[in-house]
Amino acid sequence: MNYFRLGVLVVFAAFFSIIGSSSRAAEPGVPILVYHRFDPGKFALTTVTTADFLGQLDWLDQHDYHVIPLQSVAAWLDGRAPQPAARSVVITVDDGHESVYTQLYPIILRRHVKVTLFIYPSAISRASYALTWDQIREMMKSGLVDVQSHTYWHPNFNHERKRLAPDDYRKFVDVQLLRSKQVLEQKLNVRIDQIAWPYGIHNPDLESEAKQAGYVMGYAFAGGFARPGSDQMAVPRIPISGWAHVKGFPALVEQDVARDGGE
Ligand SMILES: [Zn+2]
């Protein structure tokens with residue numbers, strides 16, 4: 001084959017791969033919300049009041065949104081499941097704070113809402129502010145709660161990379177990725193293959209270490225909707241701050257609707 005014909009073939013292959021990926025990238029996205037803590041009265045950057053959370057669920061109901069499990073979106077992004085229905089939304093909660101059990105769980109039981117918890121297991125049943133293994137197992141039994149990894153002890157990978165020698169840093173990353181997966185799988189008897197990056201910190205090295213450790217999907221804080229064609233190891237999520245209350249919530253949930261052709 002001469003170089004000209006080879007060149008033509010390469011150009012065609014590139015053209016069709018662009019067409020293929022852009023048609024999937026144009027599929028409507030799904031907002032994946034991320035919460036941290038809940039409180040009956042106080043709010044803060046990462047603490048939402050229970051009244052505001054209830055108001056936000058009401059707003060979703062009134063605007064025909066359905067809360068769907070994160071795993072339906074993960075399967076869609078992975079090409080294993082069809083596109084979720086229009087106006088789907090996902091609720092995730094990072095860190096495993098005790099208020100997930102005391103404040104959030106009674107609400108989702110009553111409203112039958114499914115959530116995914118990203119847990120860093122070193123704190124569970126140890127830190128005074130954290131959930132216990134029994135509480136997590138009880139919530140999982142309801143069928144409304146599933147769990148994935150948030151590393152082993154929630155490090156700031158940027159700080160650790162500066163602090164440690166390169167070899168030590170690599171070992172440190174491996175422990176954070178592998179030990180979290182092992183402990184969660186052993187304590188909860190489920191498969192752990194997804195990770196939410198602590199502080200949203202991720203980069204190509206961390207992403208490839210995570211793949212080697214057996215993770216197939218990672219979640220960040222980039223904002224915007226999750227849609228096929230985006231980096232599967234850094235799927236965007238939308239942080240919900242306590243300052244959003246109910247009034248600021250629609251703008252967060254619908255921030256990316258324009259990219260889907262407007263609604
Ligand atoms: Zn976190």
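The values are calculated or read from the model by the stated rules, or taken from the named source; none is laboratory data. Just so it is clear, the structure is predicted and the values come from calculations on it, not from any experiment. Note: ideal-geometry Cβ built from the backbone for every residue, glycine included; neighbour counts use all protein chains shown. Surface accessibility is based on the protein's heavy atoms, side chains included, excluding ligands, DNA and RNA. Shrake-Rupley method; radii C 1.70, N 1.55, O 1.52, S 1.80 Å.
Some observations on this one:
- Filter pass, residue 188 being at pLDDT 95 or above, at negative phi, in contact with a Ser or Thr (Cβ under 8 Å, 6 or more places away or on another chain) and not acidic (Asp, Glu): no
- Taking region 169-209 as the range and being in contact with an Asp or Glu (Cβ under 9 Å, 6 or more places away or on another chain) and either among the charged types (D, E, K, R) or surrounded by fewer than 16 Cβ atoms within 10 Å (Cβ to Cβ) (or both) as the test, the residues that pass are 170, 174, 181, 190, 191, 207, 209.
Yes/no matrix, rows are residues, columns are (1) more than 18 Å from residue 79 (Cβ to Cβ); (2) of a type in the set (A, V, I, L, M, F, W, C); (3) at pLDDT 95 or above; (4) open to solvent by 10 Å² or more (accessible area, probe 1.4 Å):
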residue: 212; (1), (2), (3), (4): yes, no, yes, yes
residue: 218; (1), (2), (3), (4): no, no, yes, no
residue: 223; (1), (2), (3), (4): yes, no, no, yes
residue: 227; (1), (2), (3), (4): no, no, no, yes
residue: 231; (1), (2), (3), (4): no, no, no, yes
residue: 239; (1), (2), (3), (4): yes, no, yes, yes
residue: 242; (1), (2), (3), (4): yes, no, yes, no
residue: 249; (1), (2), (3), (4): yes, yes, yes, no
residue: 256; (1), (2), (3), (4): yes, no, no, yes
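- Contact map, region 96-121: first residue farther than 22 Å from residue 65 by Cα, second residue small (Gly, Ala, Ser) and within 16 Å of the ligand (Cβ to nearest atom), Cβ cut-off under 6 Å, separation 6 or more or different chains; pairs are 96/130; 118/196; 119/96; 121/180.
- Flag if residue 73 is in a strand (DSSP E or B) and open to solvent by less than 20 Å² (accessible area, probe 1.4 Å): no
- Taken together, 187, 162 contain a single residue that is among the charged types (D, E, K, R) and touching a Lys or Arg at 6+ places or on another chain (Cβ under 9 Å), which is 187.
- Selection count, region 176-201, where residues are touching a strand residue (DSSP E or B) at 6+ places or on another chain (Cβ under 9 Å) and either within 13 Å of the ligand (Cβ to nearest atom) or among the small types (Gly, Ala, Ser) (or both): 6
- Of the helices (runs of 4 or more DSSP H) contained entirely in region 159-263, those carrying at least 1 residues that are under 20 Å from the mean Cα position of the chain (by Cα), without any contact (Cβ under 8 Å) to a residue 60 or more places away in the chain and within 25 Å of residue 52 (Cα to Cα) fall at 249-253.
- Residue check for residue 104: buried (at least 19 other Cβ atoms within 10 Å of the Cβ), more than 16 Å from the chain's Cα centre (by Cα), part of a helix (DSSP H, G or I) and within 16 Å of the ligand (Cβ to nearest atom): yes
- Filter result (open to solvent by less than 30 Å² (accessible area, probe 1.4 Å) and not in a strand (DSSP E or B)) within region 121-137: 121, 122, 123, 124, 127, 131, 133, 136
- Breaking point among (1) farther than 24 Å from residue 30 by Cα; (2) part of a loop (DSSP other than H, G, I, E, B); (3) more than 16 Å from the ligand (Cβ to nearest atom), for residue 155: (3)
- Members of region 49-96 that are more than 18 Å from the chain's Cα centre (by Cα) and within 16 Å of the ligand (Cβ to nearest atom): none
- Meets criteria (open to solvent by 30 Å² or more (accessible area, probe 1.4 Å) and either part of a strand (DSSP E or B) or over 18 Å from residue 217 (Cα atoms) (or both)) for residue 52: no
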